[in-house]
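Note sheet for the following structure.
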Amino acid sequence: LSILQYQNIIVSRPTPAVALVTLNRPKVLNALSAALIDELVSALSLLDTDDTTRAIVITGNERAFAAGADIKEMKDKTYVDVFKHKFLENWTLISHVRKPVIAAVSGYALGGGCEIAMACDIVLASPTAVFGLPEIDIGVIPGAGGTQRLVRAIGKSRAMELILSGRRFSATDAAAWGVVSRVSEDVFADAIELATTIAGKGTIAVQAAKEAINVAFETSLDEGLRHERTIFYGLFATQDQKEGMSAFAEKRPPVWSHS
Ligand code: CO8
């Protein structure tokens, strides 16, 4: 990991199995330039295939998780530019990472910043976090999942109100509505602690659980239940299932081989 050097993000390893990706354009509140997104996507791809990494935390700084796509970079683009070059299309890879990804949000999570947080598996927010999809105020709409994920998270009426008005919402509202799992006084430390807990479980079961939960967003209940059962059965082919259940019967902690 020490070889992962970037200009717009910092990749570090706070605990042996956890990778921390810090968005790092503090002067512009971590505005998501194309270069930043390229680096984020590239780092996540590498971490996803790195055997030592079992959970990932994405964060910003106290003042901003990210205040959205870089408006100054976008403002002169034409339809042909964005269509032809699939502007920011690669950012969707964030939601295809197999490993658990936790967003630790402090300060602004606006526009693309809010969308990146919502694309993560778990979002923790500091009491100062400010969420919002203000794209309407710059003449566009959310373009990175906002109109889809916010509706699924908080329902149509609230999503309509927030996206059509561009109004920001607080950490407390985000927690009450289920956009974030909880408000945390020390969001950076708590996210790493949660990531470390998850990284201490059997990797295959963790990734299988994530996959099964994500199916719930994409299909009918019947299909989802079938998918869940298939994944559940599949885990009986793993060493970790043998170990986990034997350890329970033998009244000892399991030792995962992640295989
Ligand atoms: N883009 C570019 N620069 C930005 C952005 C941004 N989104 N946000 C802040 N900055 C810059 C400011 O221009 C300023 O730079 P400078 O010092 O050179 O003038 C610096 O950051 C500090 O910002 P402010 O002076 O504005 O700080 P304030 O505390 O007064 O205000 C706000 C903070 C409220 C967050 C304000 O900066 C703001 O409204 N920012 C824009 C928020 C926004 O509209 N976001 C949505 C962008 S559109 C979008 O995200 C579409 C998503 C598409 C897909 C993305 C894929 C991942």
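The values are calculated or read from the model by the stated rules, or taken from the named source; none is laboratory data. As the structure is a computational prediction, the values presented were derived from the model and not from experiment. No Cβ is skipped: glycine too gets one built from the backbone with ideal geometry, and neighbour counts run over all protein chains shown. All accessible areas refer to the heavy atoms of the entire protein, side chains included, with ligands and DNA or RNA removed. Shrake-Rupley method; radii C 1.70, N 1.55, O 1.52, S 1.80 Å.
Restricting to Cα atoms and excluding each atom paired with itself, what does the Kirkwood estimate give for the chain in Å? All intermediate terms of the calculation are to be shown ahead of the outcome.
Working: mean 1/r = 0.0519 Å⁻¹.
After inverting the mean inverse Cα-Cα distance, the result is 19.3 Å.
The angle between the Cα long axis of helix 221-234 and the longest principal axis of the Cα atoms of the chain comes to about 40 degrees, rounded to the nearest 10. Filter the trypsin sites (Lys or Arg not before Pro) in segment 19-77 to those in DSSP coil with at most 12 other Cβ atoms within 10 Å of their Cβ, and list the result. Filter output for segment 19-77: K75, K77.
Proximity of backbone amide H atoms, modeled 1.01 Å from N, is registered between V105 and L124, A125, S126 at under 5 Å, excluding neighbours fewer than 5 places apart on the same chain.
In percent, rounded to a whole number, the relative contact order of segment 144-259 is 18, using alpha-carbon pairs under 8 Å and six or more apart. Taking the C-alpha atoms only, the angle from helix 156-165 to the longest principal axis of the chain is near 40 degrees. What is the Cα centroid distance between segment 32-83 and segment 194-233, reported in whole angstrom? Centre-to-centre distance over Cα atoms comes out at 25 Å. Per the Debye calculation on segment 129-259 with a single equal scatterer at every Cα and no solvent contribution, log₁₀ I(q)/I(0) for q = 0.10, 0.14, 0.17 Å⁻¹ amounts to -0.52, -0.87, -1.04. Sites listed here are trypsin sites (Lys or Arg not before Pro) in segment 159-238 whose DSSP assignment is loop and whose Cβ has at most 15 other Cβ atoms within 10 Å: R167. Computed over neighbours whose Cβ is under 11 Å from that of T197, the net charge equals 0, Lys and Arg +1, Asp and Glu -1. Distant-in-sequence amide contacts of R25, defined by a placed amide H-H separation under 5 Å and a gap of 5 or more residues or a different chain, comprise N30.
Please report the antiparallel percentage of the DSSP beta bridges confined to the chain, to the nearest 5. Before the final figure, lay out the partial values.
Values: 7 of 28 bridges.
Of those bridges, close to 25 percent are antiparallel.
Tell me, what is the per residue accessible area of the chain in Å², probe radius 1.4 Å?
Numbers: 13880 Å² over 259 residues.
I get 54 Å² per residue for the chain.
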